[in-house]
1. I'd like to verify a number: residues in the stretch C:22-42 that are touching an Asp or Glu at 6+ places or on another chain (Cβ under 9 Å), surrounded by fewer than 22 Cβ atoms within 10 Å (Cβ to Cβ) and part of a loop (DSSP other than H, G, I, E, B), how many?
2. Those residues that are over 19 Å from D:Leu291 (Cβ atoms), at the interface with another protein chain (Cβ under 9 Å from one of its Cβ atoms) and not in a loop (DSSP other than H, G, I, E, B), I need them from the stretch D:198-245; list them, please.
3. Under the condition of being without any contact (Cβ under 8 Å) to a residue 40 or more places away in the chain and in a helix (DSSP H, G or I), which residue from the stretch C:232-266 is farthest from C:His585 (Cα to Cα)?
4. Please indicate, with yes or no, whether at least one residue in the stretch A:149-165 is touching a residue at least 40 places away in the same chain (Cβ under 8 Å), more than 24 Å from A:Ala108 (Cα to Cα) and either within 7 Å of chain C (Cβ to nearest Cβ) or of a type in the set (A, V, I, L, M, F, W, C) (or both).
5. For D:Arg124, are the conditions met, namely being within 13 Å of chain C (Cβ to nearest Cβ) and farther than 30 Å from D:Ala380 by Cα?
6. Evaluate the stretch C:181-193: report whether one residue or more is more than 11 Å from chain B (Cβ to nearest Cβ), within 17 Å of the chain's Cα centre (by Cα) and within 21 Å of D:Lys321 (Cα to Cα).
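The values are calculated or read from the model by the stated rules, or taken from the named source; none is laboratory data. Predicted, not measured: the structure shown is a model, and the values here were computed from it. Don't worry about glycine lacking a Cβ; one is built from the backbone with ideal geometry, like all the others, and counts go over all protein chains shown.
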Amino acid sequence: MKDDFEKLLDQQPEKEPEPQERPALRDIPVREELVPRTVTAPDGQEIRIDPLQDYYCQAGPTVQTPAYTRIIEDLFNWARAESLWILGFGTGCGAIEMRPLMTPRFDAYRYGIQWRPTPRQANLLVISGYLSVKTLKRAIRSYEQMQNPKYVVGLGSCTINGGMYWDSYNTIKRLDDYLPVDLYITGCMPRPEALLQGFDDLKKLIRAGKAEGANKYAENFERYKTNQKRVIKDWDMPDYSW
Amino acid sequence: MQTLISQLQTRFQLSEFILQRDNLAFVTVTREQLRPLLLHLRDKEGFTHLVLLTAVDWIEDNIFQLTYLLGDRTAGCDIGVRLMLPRDVASMDSIHDLWPTAATYQRELREMFGIDFPESPRVDEDFILEGWTDLPPYRRDFDTLKYSQESYVDRLGRETKDPAAYMKLKLYPDEDNDG
Amino acid sequence: MSVRDLLSPFIAWKHLFREPVSIRDPFNREASERYRGFHQNDVEKCIGCGTCEAICQNGAIDMVIVEGVEGIKTRPGDSGLRPRIDYGRCCWCALCVDVCMTSSLTMSNAYKWVENDPDKFRYIPGVDKKEWDNVKQGYHRPDGHRLNAPERIEMPELEPAERIDSFVEIVGGYSVEQARLEADRCVTCGICVATCPTHMPIPEYISAVRDGDYERGLKLLYDSNPFSQICGKVCTRRCETTCAASHEGDPIAIRWLKRHITEQVPYEKYRDIIGGPLPATGKKIAIIGAGPAGMTAAFDLARKGHEVSVYEARSHAGGMTRYGIPEYRLPFETIQREIDLIVSMGVEMHYDTRVGTDIQMQQLQQDNDAVLLAIGLWLGRGTRIPGADHPHVYKAIDLLRRIRDGEQLEAPKSMVVIGGGNVAMDIARSVARLQKQQQGEINVTLTALEDKAHFLADPVEIKESIEEEINIIDSRGPQECVSDDQGKLVGLRSWKVLSIFDDQHRFAPTYDESDEQLHPGEWIVEAIGQMSDVSLLGDALTEKLEWDRGRLQVDDDGHTSEPWLWAAGDCVKGPDIVSAVATGHSVATSIEAMFEQKEAQNA
Amino acid sequence: MADAEFGKADRSQYPHRRPDGSLDIDLTSGKYLKLWQGPNHPGITGNMSVELTVCGDEVVEGKTHVGYLHRGFEKLMERRTFIQCFPIVCRICVPEPDFNEYCYAAAVEELAGLEIPEKAKWIRALILEMGRINSYLMYLGGQAGAFGQGVIGQWTTYARDLMLDRFEELTGARIYHMFILPGGVRDDLPEGFDERMEQTLQEVERTLDDVYDTMFRNAVFKKRAVGLGYVDPALVDEYGITGPVARGAGVARDVRKDQPYLVYDQLDFEPVTGRESDVYARADVRRRDLLMSVDLIRQILSKMPHKGEVMATLPNVLHWKIPRGETYIRGECSRGEYGYYLVTDGSGYPRRVNVRGPSYTHAMALLEKLIVNVNISDVAGLMVSLHTYPPEIER
């Protein structure tokens, strides 16, 4: 049996099933505020704006190469590992165990882990459980707005294979189809101790230079976008904005 | 509760009522009776609290059942007013002017069941779903497992065996095992 | 707003002097005693019934093949599969633990598992080694917390005092409500199906009982067993010994539920539900012996449209069910209903026709496309101890037949039965009834080589025998049938058995000769086994056929070394009604396949 | 409110109302700004968002957007058997999952005609009160945090975690306990539970003393919370307001008293009410309600029968069918009336389950009403004071 199973795994890249497009039963109207329009400035100048475009930061992601010497890269990785700043985006129920983690009982701060309220300051996105399609859209944007180097941790069984919402019409099943995941912590939901263990393992990965999720995302950008757009039917945002 | 029901029955000619327990009853009304009955219950009988408004899809009978659950919090009893709506012309009068919160329930019913409530505020706006293009998901003819399998990819490597079939295959390999 | 409001918050400063509340080493903190952590499975205890898979609302459990691991093998009562859990699905609700039929599945209090490969979160507890395999703490199903009823619904039965003086059927049958409750206990795992020789669709017909859809149930029964009414009463029910529910409670009363279905459908409707025969094919088959095997084959072949003739030496059909099983277990009426149904499929019956005497084997071979030998085991084996040739030393099978044939036997004052199988119980209890009717006193002694725990008889039979005042003496080796000076039989002399088998598991009993007893009896009945009477074959054919230690050698389908001759039933499989049915089916399939093959060659 | 005038927008800039009641907001005019608060925002309760239209730093219109946590529970339950629904319901409300378990179990028991053992009722009540304490502790941290007092959350989360330890030893899980199932509860109290519970309760009380001094008697908190988010008692019925929000407005409504369930008729308590009906009053009602729960737990532990079954005999759950019927079960959770409307059709699956969470009315219609004319910085505090958990809105 083990052999069969391994065979199946080997076949995975080629056997990746293509989900068939379901015919749309209704059109999604473009929201009013997203329609391109002309605005008259107080001085009378007319400005044409397209809200779907982000004119300043729309360039695609790039692969970040390691520093030119090993020792510098190790130093960087050490620094990265010791300052895991989590984006305070509670995407699902797992977020509830974040609060004990960040308060005195478990005190993640002593391990260099803390919450940040904005993607710009964070380098770790924790997907705390299931992702509804509506949140997936926000999670993608939040992830893209985070600065490199950045990491994604999938928390709970929902991120691995759909968890208990495996038959729900509104939640994704495999997080790695849509975002590059560096680490998974199983549990429903994982206890704070398991989260700490996960972050500790992530640190080790970062130090070893193996947490290359962001680069994977840049390299396979097209694939990720295709997957994302397949489930997010009303894609009304730039393809990438940072 | 019993006296209230009999009063209501004489007043509104209600066809059917079920006393589920001492403090909860369900009555079935017609479309015309609904509004006067709700008003009467709210203003005269003390059922001032709209507990919930929801629908049940009886697809076999081609009916949507709307349930307006009203509560009398001082007397501690509830009455569920049920209304049967044909499934193919699913449209009902809004009651958001009686209870402003009803607008939220009606928005949800519009989105999840496809039952229209003309004139209800923001009833056509997206409420829970976003970019939904399929059947309203709470309808019984919408198959969530199928949708999920077609839209979101499962992890590979899962395979299971039926104990009965596997045992027959293993213990009686020569027998006809297609059954 | 006051000064107090400005100063009061500074109370927070007192926390400067408190002990820190942080857990010093959060990485090694143990979860509570009851914590529902990662799964453990005692694979030796697990039977792979898949009930955990059935209850899992997350589709997290797969039943996978783990052959080759020590202790796990596909065998009756164990599917050889084990649950594999996908931790990308599990929600740790422990319903699988609560429902586990053997309590093999439990949970440890381990909770940490981090991976960067998401495909690694699938494992077979107990087989894939994990560090929490031997953790003692964690969730185990609490006492008394059951998700299904462990106890069987009592079957209404006659009390010993009511039944002992008559041959009226003991068992009453379930009421609809009782049957529904009993059927409700079944977890639909299906590990019984493979154990049943004829693979009856047990979970399906039990679910028909649950739904109250008896016509569906009857159709399922007769598709796999034309002796369903009889099996519903006297089946040896191997299924119940492997039932998943038997590990932590009583097995499901599968036999009684089968009986319940046959009782609920009006007999007039049977034939319509089962369906009549296909158009005639012109093929002819002769079947020797109208017992379960022969009649099953007749039923199958007649339904296919073939012309079937059954030759029966006695005056009634049913074989051992008719002449070997006492009436208090199986009334004549049940047998007759079963036979009538089979005959109604277009089977031609020749009663009182003994092959070899009234009609010759060669004749059958010439007139038919195939011949089936289903002659059963009608010769009782003897002990060959001194004095066993006394006229009042009988073979159980002969006595039973005489009783069932309606002969007015005069029961002896006392009787000794040798043997611990079902036949021994049957004759002991039948004679006990005669004694009660004729003399008002029961005096029957039953001796056997085995100790009580290893009797071959059904435990229910033993229990009921004791209730009926049969004196059962175990571990006795018969030595002599003792007669007095007038030649009148006085009893059986026996020694205490020390062991039955030798080191090589060969039959070689040893005795304690100092422990000698005389069991008084005017009659002694030997019930130690039966064999076939193959004299009907004739010398030439006997010579041609292949034999294996006195038994006719057949292949898996019942085909003998002669292309036109099949054999089925007790004479090839040993005494068991449901096995006889199974061989009847396989012979019918084999004959049918032969016809098809011939047709294909001719075409 | 004179000192609060600072920073107020120029009233002449305000949009006027159209005859149908909606606001005439011309976004291109430059007077208004549309601001999304959430879903990724620290000042939001859970994963939801409010679409604010502001004029200056004052909100002129707010619209609640939910659905970020929608998993379709009500649909999923329609394809799960009655026992299979039991693990899934608790996920509807993370901080206080037990109410889902209780309401669902009670609804199933009522329709299936199942009587549960006496002791199971006491254990259920115990669990519900423990959950209420957890939820309130979390709320207090959130309410203080919304006004910038981070330290309260540090203390209350610690106290809550001690209570989670009690949950863990009783139920075998920290967050999703999955302990109350149709027919009773999984297991009896563990050995020595009472003493450990008493220690935890004392720690909770100690924490609350500190919270009282640093939060409720704090000039900053008072200044921000008093007068904010006034709910007219007349709105209580109109907007379906329940729980502490209604009690903060002086409407003494508590399901535990109005329609006693489980063993609440054998316990001695009075609903806690406030008067001012603002954020401060609601916070205070919750604080006192929390103390009442502490007292209730002590009562439950002392009055609970020592011996007895905790689980009724269930039919085989794998094919458990429940006759056709419908019912509604409610309970008083920390946010208000929690209810399950269950419809069965004689099959092995629920026909329809509708979950009525108190946030459904509080965070939608009520919040949209209260949010008008509130300063942007107070929006978070206002939302928290309605004690919103988005999953029970969208489920």
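1. Going through the stretch C:22-42 one residue at a time, the tally reaches 4.
2. D:Ala219, D:Val220, D:Lys222, D:Lys223, D:Leu235, D:Val236, D:Asp237, D:Glu238
3. Once the filter is applied, the top-ranked residue is C:Ser246.
4. Let us first name the residues in the stretch A:149-165 that are touching a residue at least 40 places away in the same chain (Cβ under 8 Å), namely A:149-153, A:155-156, A:158.
In the following step, the residues that additionally are more than 24 Å from A:Ala108 (Cα to Cα) were identified as none.
Looking for residues that are touching a residue at least 40 places away in the same chain (Cβ under 8 Å), more than 24 Å from A:Ala108 (Cα to Cα) and either within 7 Å of chain C (Cβ to nearest Cβ) or of a type in the set (A, V, I, L, M, F, W, C) (or both), one finds none in the stretch A:149-165, hence no.
5. No; evaluated as a whole, the condition is false for this residue.
6. Yes; the residues of the stretch C:181-193 include at least one that is more than 11 Å from chain B (Cβ to nearest Cβ), within 17 Å of the chain's Cα centre (by Cα) and within 21 Å of D:Lys321 (Cα to Cα).
One line per residue, one yes/no per condition, for (1) touching a residue at least 24 places away in the same chain (Cβ under 8 Å); (2) not small (Gly, Ala, Ser):
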position	(1), (2)
A:Gly92	yes, no
A:Met98	yes, yes
A:Leu101	yes, yes
A:Pro104	no, yes
A:Ala108	yes, no
A:Ile113	yes, yes
A:Val133	yes, yes
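Matching residues to (1) within 30 Å of D:Gly172 (Cα to Cα); (2) among the basic types (Lys, Arg); (3) part of a strand (DSSP E or B); (4) away from chain B (no Cβ under 14 Å):
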position	(1), (2), (3), (4)
A:Ala194	yes, no, no, yes
A:Ala211	no, no, no, yes
A:Ala214	no, no, no, yes
A:Lys225	no, yes, no, yes
A:Lys233	no, yes, no, no
A:Pro238	no, no, no, yes
